[in-house]
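Only the coordinates and a few stated rules stand behind these numbers; no lab work does. Worth saying up front: this structure is predicted, and the values here are computed from it rather than measured. Virtual Cβ from ideal backbone geometry, glycine too; neighbours counted across all protein chains shown.
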Amino acid sequence: MRWPVACAAIAIGLPACKDDPKSPVSTGGNVSITLDIPNGALDPKGYSDVNIIMHEPDRDLVRTVPVTSEGTFDLEAFDPADAVWVEATLRNQSGTAVGYGRTMTSQPLVKDAEIVVPVRRPILYFSGLVSNDTDGDPRTTNDIVWSEVPATFADLSQATSLDGSTTVGTKAVVMVSAGPELYMLEQATTSPTGTLTGPASIQPVSTGDHTLATALTGTMDGGVLDGAGTDDGAFLVVGTSTKLFVIDTASGAASPVGDGAFSKITMVNHGDGTSTAIAVKNRGSTTGTCTTTAELVAVDITPGTAPSAARSIATGGFFDVASDNHKAYYVDGCSGELGDITDGSKHVIRNGLGKTTALAAANGQAWIGVETGGTPAQIQVIATSLNASETSDPVRTIFSAGQQQVVEAQGFPGVQRALDAQTASINHLEVGAGGDYVAFSIAATYHANRVDAANFPQMDIETEELDILDAATAGAVQRYRSWCDGSILFQQTDITDWGCATAPGQTAPGPSEDHRIGSMTFLFGKK
């Protein structure tokens, strides 16, 4: 439904909005801003204030005002402008974001204009595969069966802890958001390797109640790696292990635009209905020697015309890309730099940041994942300005931790073993609710030798964890270990039955609700 009228007079003293709460149109010289929500079970609730940001080419105008019991608000006066990009955040009395959205294109802020802003709850979706050891013997690996499972979601407007029970869809390998729209990608998997195979399909998911619609007609080949969408939901760009595809969500057509493995994608919305997808081709591994053979590529998307073929921008040690305010950004983990992509080439903003492997951006700020190595292997998330004139300011560390895992003997209460991570990497990083939340997934591996005196066997463990932080305070919102699996090499006298323990403040899934994190996306997220 359309949330009734919000009025922003463009000059002091002009008439107020009409009294009719059903009409989103104001009278006289007023501008109406209508927050459009799905009118479903997932509508934002409990809000008391609305924060509006008007992005102009040379400045941002900000208003925070209360919402009346009739669902209206008054932003007072704004100066007219030819083009503004509007963000809206609904907050409750404690300041928590319970709804967020932004306009799909730039809008004129002129007399009698009506600006519609789609708004959704701040929900994070993550998906992946799960494995099952059919004979129960971890020493054998040819009997591992991999399967797709429903995606899991974290509704950050609700004060609940993740336990794996909040799911959507049926078989999801990747979830992709496109502004207020959500899509689920399905693909078969092979065992015992877990490799994705066969045609991948795309199914729309309602952001009002999580019901599934008919799958789009187009399909893609290669194992699905990543995806991004335009703010109007008209196009998706999906990277697989063999190709880059542009999908028209109205016709369902999937057009291949480049060959190679495309594992990181961001979408630059230009504000006039056109977009440019920026992708990382042939991304190197975050472990081992850093390689400089990855490419930044660009694809131009204009409604009504065929998408352009992928064109190369630069070659280097690129690990991730992000977009903000009509511009794309990258991190090069080999040179430790953050830069932007303008005029068809890259430009360094800041260097000396270390092994930068993950990136997200919103409202002039960058959040960067840095892998620092060590024992235990450590990762950091830092924040810095995207303004080149402010690069002398120190970076802000919002997360830093060596990765450790405690395992406990299932048949011997109190018998535990602490493991230090050999490797740790941030596989996914994204910001939500306009920059209120920073979410990232950490994959870590552990090895421990046999301890004969304690009857401890040799262990090799893999874990994945989802962390969600408050961007302003760096406080933990959720810490959820989605996966813990491994193998043990034991002798007859060893303790054989072990499981991962949860750390303080950490939650874990219930039985049959764990999975590897293959994708992560916020509604209206930025990456």
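How much FRET efficiency would the formula 1/(1 + (r/R0)^6) give for THR372 and ASP82, where r is the Cβ-Cβ distance and R0 is 51 Å, rounded to 0.05?
0.65
Measure off 7 Å from each Cα along the Cα-to-Cβ vector at ASN39 and SER512, then give the distance between these two points in nanometres to one decimal.
Going by the 7 Å Cα→Cβ label model, 3.8 nm.
Of (i) 18; (ii) 30; (iii) 12, which is the value of percent of Cα pairs over 43 Å apart derived from the coordinates here?
(i)
Below 12 angstrom from the Cβ of ALA472, what's the summed charge of the other residues (Lys, Arg +1; Asp, Glu -1)?
Values: positive: ARG396; negative: ASP436, ASP470.
Every neighbour counted, the sum reads -1.
Given points 7 Å out from each Cα along the Cα-Cβ axis, report the ASN363 to THR305 separation in nanometres with one decimal.
3.5
Sketch the reach of a paramagnetic label on ASN387 as a point 7 Å from Cα along Cα-to-Cβ, and name the residues of the stretch 310-334 whose backbone nitrogen lies under 15 Å away.
From the stretch 310-334, the list is 325.
FRET efficiency for THR342 and ASP470, Cβ-Cβ distance as r, R0 = 51 Å, nearest 0.05?
Taking R0 as 51 Å, the efficiency between THR342 and ASP470 is 0.95.
If R0 is 45 Å, what FRET efficiency do you get for GLN404 and ALA188 from their C-beta distance, rounded to 0.05?
Working from the Cβ atoms, E equals 0.80.
Between GLN491 and THR170, what is 0.36 nm times their sequence separation minus the Cα-Cα distance? Round to one decimal in nm. Show your work: numbers first, answer last.
Values: separation 321, 0.36 × 321 = 115.56 nm, distance 4.05 nm.
Fully extending the segment from GLN491 to THR170 adds 111.5 nm.
Could you check the spin-label model distance between THR195 and ALA250? Points 7 Å from the Cα along Cα→Cβ, value in nm.
3.9
Specify the inter-centroid distance of the stretch 298-315 and the stretch 215-271, based on alpha-carbon positions, in whole Å.
Centre-to-centre distance over Cα atoms comes out at 12 Å.
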